[in-house]
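Reviewing the structure listed below.
Just so it is clear, none of the values below were taken in a lab; they were calculated from the coordinates. Because the structure is predicted, anything quoted here is derived from the model rather than measured. Cβ coordinates were reconstructed from backbone atoms using ideal geometry, including for glycine residues, and neighbour counts include every protein chain displayed.
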Amino acid sequence: MQTSLVLIFPLLVLPLVNAQVPHWGPCPEPATQPAFSLKKFMGRWFEIAKLPAQFEKGRCIETNFTLKMDGTARVVSSEILKGELRSIEGTAVVEDLKNPAKLGISYSYVLPYSPYWILSTDYETSAVVYSCTDVLRLFHVDFAWILGRTRSLPAATINHAKELFANNNIDVSRMIASRQQGCDKDL
């Protein structure tokens with residue numbers, strides 16, 4: 001019984017993650033930003049490119065991080081979807097003090113924190129972010145983002161970010177450019 005459940009479970013769950021990028025096996029363990037500073041990471045970040053994500057369907061996606069007195073960060077993510085500005089607020093925490101680039105973000109008091117790992121950032125121009133969730137170590141669902149402090153980045157910066165993912169065994173062959181045009185116009 002248990003063996004058949006293990007074989008059937010992925011078939012039941014895969015349709016739920018159809019916009020995500022499922023892969024067989026456990027999550028990779030990429031290297032994260034050495035000596036990461038949460039304080040320097042604060043501010044506005046624009047989504048430049050991403051692996052498709054079911055929860056991101058709009059354009060002009062951005063996230064603003066604000067440091068709170070308790071050492072956590074307020075996270076406000078927004079997008080324009082069907083002509084309407086939509087936003088959601090959450091909290092980011094450093095989950096491992098020995099590795100402060102491994103953040104967890106939750107947008108609900110009842111949901112656990114999701115991994116939000118900063119693989120690389122110069123704090124002023126770009127950031128490379130990864131998230132992965134194992135499902136019974138049989139397969140994993142991952143998310144990857146290239147972020148910028150501006151709505152566009154040079155092609156060389158984007159290519160370097162994709163190489164960083166690839167060097168950490170993260171498949172970004174399905175990565176797509178985010179739509180950041182017409183964002184500052186009236187809705």
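Neighbours of residue 172 by Cβ distance under 13 Å: Lys/Arg scored +1, Asp/Glu scored -1, total 0.
Other residues whose C-beta falls under 13 angstrom from the C-beta of residue 28 contribute a net charge of -3, scoring Lys and Arg +1 and Asp and Glu -1.
Working note: Debye formula, equal point scatterers on the alpha-carbon atoms of region 87-187, no solvent; log10 I(q)/I(0) at q = 0.12, 0.22, 0.25 Å⁻¹ is -0.49, -1.34, -1.43.
Mean-square fluctuations from a GNM of the chain, with a 10 angstrom spring cutoff on Cα atoms, peak among 95, 29, 79 at 29. Within the shell of other residues whose beta carbon sits under 13 angstrom from the beta carbon of residue 142, the net charge comes to -1, with Lys and Arg scored +1 and Asp and Glu -1.
With the charge dipole of the chain set up from +1 on Lys and Arg Cβ and -1 on Asp and Glu Cβ about the Cα centre, the Cα lying farthest toward the positive end among the listed residues 60, 24, 49 is that of 60. Note on the chain: semi-axes of the ellipsoid equivalent to its C-alpha gyration tensor, largest first and rounded to whole Å, are 26, 20, 18.
Quick one: order 85, 164 by neighbouring beta-carbon count within 10 Å, fewest to most. Present the calculation step by step, with values, prior to reporting the outcome.
On the way: 85 12, 164 19.
So the ranking, lowest neighbour count to highest, is 85, 164.
Please give the Cα centre distance for region 25-46 versus region 63-139, rounded to the nearest Å. Cα centroid to Cα centroid, the span is 9 Å.
With the contact rule set at Cα under 8 Å and sequence spacing of 6 or more, what percent relative contact order holds for the chain?
Details: 369 pairs, mean separation 50.8, N = 187.
Relative CO of the chain lands at 27 percent.
Partners of residue 39 within straight-line reach, counting lysines whose Cα lies under 21 Å from its Cα and excluding those fewer than 8 residues away in the same chain: 68, 98, 102. Taking all Cα pairs closer than 8 Å and separated by 6 or more residues, the relative contact order of region 103-174 comes to 19 percent.
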